[in-house]
Every structure is written in C-alpha cells, then in structure tokens.
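Note sheet for the following structure.
Derivation of every value follows stated rules applied to the coordinates shown; laboratory data play no part. These figures come from a predicted structure and were not determined experimentally. Neighbour counts are summed over all protein chains in view; Cβ atoms, including those assigned to glycine, are modelled from backbone coordinates with ideal geometry.
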Amino acid sequence: MELDELYRELILDHYQHPRHFGTLENASVRVGLHNPTCGDRIAIDLDIVDGVIQDASFSGQGCSISMASASMLTDAVIGRTVGEAEQLAQGFIDYLTDQQGVPPAGDFEALNGVKKFPARVKCATLAHNALRQAVRQWRDNLEA
Ligand code: ZN
C-alpha cells in the first residue's frame, strides 16, 4: 500500500469514527471557531484539573480534514499539561503554515501533505487554533 493511501485511510478512519466527539458536561473551557473558506465549525471542550487536561472533546461539523484533525488532536492532548498541549498545537500550526519546525508525529503525519494545499491548511489547523485559544481563555479565567 502506498503511503499516501495509508494516510488517506487514517484520515477517513478518524472522520468516520471520530475519537472524543461530543461535548463535556463539566468542561473548564469551550472555544468554537469557524473556517469560512470551507464552512467548518469546530468547538473544543477541555476539562482541566491542576493544569492537566483530564478530558477533551470536540463538536461541530466540517470537511473530513477538519474533523479528522480535531479527532487526532483531542486524542493526543488528553493526559497532557496545558503547556504541552499548546506546544503540540503550535508546532502543528507552524509546520503547516510556515513549513518550519519539526513535522508532526503520530497520526498527525497523515495531515502533513495538507501543507501543499494552502486552502486546506485552515481546515487542518482549525481545531489546533481552537485549542490554543481555549488554553489562553482558561489561563485568563484563572487570573480573573
Ligand atoms: Zn474544511
């Protein structure tokens, strides 16, 4: 099987069987973003205790790239500190937008090819941007 085909299947698998789809009853923070270019709408819920993401979920609807990316992201950040999750999201965004830094690892590798299609980069990074904002908002709430 070609690598491209494997990646396509992985994206399709996350799209058809999204991990952590839904909302969290006790979310510490929820941030929803809209990608008008494609029409994707995704909200990220985070349940954060002592700076560690206990649970994460996403809701909304969008294209296969945006949904698969959100599924991978929520799966990857559970159990991580908010700082680690921020770094992960930022690294992915940097790689896809500036083509700089370290290529994302794990399931995210399947989305690396998206960087060749600038219009789809917004789809792939929507959930990551929402997560970054969610962490920022959570910090602001702590200080308020
Ligand atoms: Zn999209």
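Using +1 on the beta carbon of Lys and Arg, -1 on that of Asp and Glu, and nothing else charged, what's the dipole of the chain about the Cα centre, debye to 20?
That gives the chain a dipole magnitude of about 480 debye.
Determine the calculated [θ] at 222 nm for the chain from helices alone, applying -39500 (n - 2.57) to every DSSP H run no shorter than 4 residues and normalising by the residue count; nearest 500 deg cm²/dmol.
Value at 222 nm, helices only: -16500 deg cm²/dmol.
If you take the beta carbon distance between Asp75 and Ala144 as r and set R0 to 22 Å, what does 1/(1 + (r/R0)^6) give as a FRET efficiency, to the nearest 0.05?
0.15
By how many degrees, between 0 and 90 and to the nearest 10, does the Cα long axis of helix 64-77 differ from the longest principal axis of the chain?
That works out to roughly 50 degrees.
Please compute the length gained on full extension between His17 and Glu84, using 0.36 nm multiplied by the number of residues separating them and subtracting their Cα-Cα distance.
21.6 nm
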